[in-house]
Every structure is written in C-alpha cells, then in structure tokens.
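Below is one structure; the comments refer to it alone.
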C-alpha cells in the first residue's frame, strides 16, 4: 500500500495525479448530488492494465472532504493489505478488491446507497424497465443481484464480482443493498451513476401514480441504448464541467 497525504502526491506520476483528481472530483460531486451516505460507500479506480492496483477512498472519510492526496493505492493481489496501517474499509476491500481481481474491464467502480436506486433494489422485481429515454439507456445493461447475504466482506464481494462477467453489463442493482456502477474511466462511470439514479427516480415516481406504465418495445429500447452509447463525448464533457465548477468553488479537492 502506498503512502497517503502529500507524500502520495510527490511520488505520483502526472498520469496518476490526474486520475487522483478525477476520483476526488467524483467524491465531491456525489455529495453535491446527494448520492452519498454518511461515511459509508466507496469508489475505486484501476491504475494498471490488469486492474489489480487501484485507488480507493480512505476508511471512514466523508466524501465531501476527500482530496486527491487522501486516496489509498492498494493491490487486490496483496493478502496483507488489511493488516497494514491505513487499510481501507473492510467492505470496500471485499467488494472492490474482488471486482478488480476478477473484472479487468471494470476500470472504475462506484458503489452507493443512493435513494432511488436503493428503492429499486428494495422491490421484489428490481429490474429497470425502459419507461423513458434515461431508463432505456440501461436496457439489457444492468443485472440484479438477488443473493444478498450481508455486508460486502470478501466472500460477498467475490460473489458479486461474478455478476459482471458480461462486459455489456455496467450496472448491478444490489438487491436489498444499493447499486454498483462500473465504467472505462471516472467520467464514464460517474455519468452512468448520475443517469441511473435519475432513471430509477423516474421509474419509482411513475409507480407512485398507480397508473399503467408506457414501456418501450425491446427494439426501440435497444436502439435507444445503442444511440446513447455512441453519443459523442457526453460523459467527458459533463465531467469536465463538474471539475471546472470545483476548481472555482472547492479547489482543495486537487490537493
């Protein structure tokens, strides 16, 4: 495990520093969008091709105070990680360690208990039907974990990671728990997390009306999902705007 604080930044390459800044931005915006929960939940970002070395938030640190230098650099293949000083949260290690060991395509992983995604996770049927354009974005691109068996320590993390064996699936609705979103970068994953929470909110509020739902056909839902996937640069532009706002209002996230 690497050192944290100023020494972490002084030893970081420019590429690593940029990744740290992006992940720190995601934590700050999770608070602004009310996606966070006390000092729980965790985000990670792979730092090598296999994904085994990854950044993750320090244990019990409020998302709104996280800086680039606070992020821990750990190795999913190191069995001594949790016995070292400054170890991450045990559930963060269990979930993200397993994910990065088993799913190299999961470059960034964001786990939250955001309100509407967790409401969805609490339903007997936690699938998200394509009732609007945002919901269609996740058509056949999310999976529901129906095997919740307690906190995501190592055994639970291993089980959950196996649900991402299809690279097309980028969201796991964790039944009775929350949501886990993966992406090719922090920008990609955060954009997906934002839209999944918005989609879940639309669906949940549509259910509140008690009226019949206008569900898109499979053909149109798949077409829409592909069009959104191919839409040029939206995630990167969105995330650049988020960093620009923080640069003006909370520039210490870069420290």
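The values are calculated or read from the model by the stated rules, or taken from the named source; none is laboratory data. Model, not experiment: these values are computed from the prediction. Here the Cβ is made from the backbone with ideal geometry for all residues, glycine too, and neighbour counts use every protein chain on show.
Tabulated values for the structure
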| item | result |
| --- | --- |
| Odd one out for residue 224 among (1) in contact (Cβ under 8 Å) with a residue 60 or more places away in the chain; (2) surrounded by fewer than 12 Cβ atoms within 10 Å (Cβ to Cβ); (3) not in a loop (DSSP other than H, G, I, E, B) | (2) |
| Residue that is nearest to the chain's Cα centre (by Cα) [pool: residues in segment 70-129 that are over 18 Å from residue 179 (Cβ atoms) and free of Cβ contacts under 8 Å to residues at least 24 places away in the same chain] | 82 |
| Residue under evaluation residue 12, criteria (1) surrounded by fewer than 17 Cβ atoms within 10 Å (Cβ to Cβ); (2) at pLDDT below 95; (3) farther than 27 Å from residue 163 by Cα, criterion not met | (1) |
| Per-region count, segment 15-54, residues under 20 Å from residue 157 (Cβ atoms) and either within 13 Å of the chain's Cα centre (by Cα) or not in a strand (DSSP E or B) (or both) | 15 |
| Unmet requirement for residue 199, which otherwise passes all of (1) more than 25 Å from the chain's Cα centre (by Cα); (2) surrounded by 10 or more Cβ atoms within 10 Å (Cβ to Cβ); (3) under 20 Å from residue 120 (Cα atoms) | (1) |
| Matching residues, segment 123-156, being within 25 Å of residue 36 (Cβ to Cβ), out of contact with any strand residue (DSSP E or B) (no Cβ under 9 Å at 6 or more places or on another chain) and surrounded by 22 or more Cβ atoms within 10 Å (Cβ to Cβ) | 135, 137 |
